[in-house]
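Only the coordinates and a few stated rules stand behind these numbers; no lab work does. Just so we're clear, the structure is a prediction, and the values are computed from it rather than from any experiment. Positions of Cβ are generated from backbone atoms using ideal geometry, with glycine treated the same way; all protein chains shown enter the neighbour counts.
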Amino acid sequence: MMRGSVIARGILLAALAGPMLHGTGQAQSGSSDPEAEADEASLGVGGDSAPHAPLAIAADGRIVLPSGQVVTLVETLDHAAGPDGPALRFRFLAPAIARNGGTIPAEVAQDDMLALCEGYALPRLTEPLPSQIIISLSDRPVPFGEADPDATQFFDSFRPENGRCILEAF
């Protein structure tokens, strides 16, 4: 299966939170489906690919991602309740994902979210470990839990396991 179709299949429109709220989660690693495992390996999710190196943070807080996109941390919500237990949420401002004038499509943002999970979130974990790490990107500031129909937002949920971020359905 081609990577684009996997991404397209994994994008979820969340109508309750506005027309441009997306979840890009996909099937869990460790699937017994060989096609899904091949897709995960091509996305750097599980498999034999190396984890992302820690990301450099500029003095002003900017983080340059593998795509060249520049994001800044808005907030971290520590051990907030998630669907699978305690979740650690990292919320980033990512103007390049804007639907009008943005340069980063959902497929590229998903790769960047994996890089943020492995290169930013994992090095900051403390005990007790969360069940989930949720990475969110927004083209503009949006208060947590509030909808903004003009905002573009992407979310991915990961399970921390053996120094890696395993993409989970969200």
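Of note:
- Modelled spin labels at residue 84 and residue 125, positioned 7 Å past Cα toward Cβ, are 1.1 nm from each other.
- Between residue 59 and residue 150, residue separation times 0.36 nm minus the direct Cα-Cα distance comes to 29.7 nm.
- Cβ-to-Cβ counts within 10 Å put 140, 91 in ascending order as 140, 91, the fewest first.
- Neighbourhood charge, 14 Å Cβ-Cβ cut-off, centred on residue 97 and excluding it, Lys, Arg +1 and Asp, Glu -1: -4
- Distance between the C-alpha centres of the range 79-120 and the range 142-170: 5 Å, rounded to the whole angstrom.
- Inter-probe distance in nm under a simple model that places probes 7 Å from Cα toward Cβ, at residue 106 and residue 140: 2.1 nm
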